[in-house]
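Have a look at the structure below, then the notes.
Please treat every number below as a calculation from the coordinates, not as lab data. What you see is a predicted model; the values in this text were computed from it and never measured. Cβ: placed from backbone, ideal geometry, glycine included. Neighbour counts: every protein chain shown.
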Amino acid sequence: MPTVLREGPYRLYFYSSNGKEPAHVHVDREQCSLKVWLDKVEVAHNIRFAPHEVREILKRVRQRQPELLKAWNEYFSADRR
């Protein structure tokens, strides 16, 4: 599970087995977890994050979307499959 970014209290990472799915990032804080699609920056799955915090995380992901997509594409490039 490579960590891509630490943003405030959040850890953003990929699961190395998720390369066949559309680009996305997992976001954790304590016992909360969120999966965010990177193409449209929308929630795929939410565990325990309050709605106001989800909005804040989506805002942060949008701000970093190009960087996160680049990291996804580099990590899941054809050389690694």
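Quick notes
- Theoretical ellipticity at 222 nm over the chain - DSSP helices of four or more residues, -39500 (n - 2.57) apiece, nearest 500: -11000 deg cm²/dmol
- Along segment 3-15 the Karplus relation, 6.51 cos²θ - 1.76 cosθ + 1.60 evaluated at θ = phi - 60°, assigns HN-Hα couplings of 6, 8, 7, 10, 10, x, x, 9, 10, 10, 8, 10, 8 Hz to successive residues, with x for each Gly and Pro.
- Helix 51-75 vs. the chain, principal-axis angle (Cα, 0 to 90°, nearest 10): 10 degrees
- Mean projected area (nm²) of the alpha-carbon convex hull when segment 3-80 is viewed from all directions: 4.8 nm²
- Among 40, 59, 20: highest mean-square fluctuation, GNM of the chain, C-alpha pairs under 10 Å: 20
- Where labels lie 7 Å past Cα in the beta-carbon direction, separation of residue 47 and residue 6 in nm: 2.2 nm
- Nearby lysines by direct alpha-carbon distance to residue 59 (threshold 20 angstrom, same-chain neighbours under 8 apart not counted): 35, 40, 70
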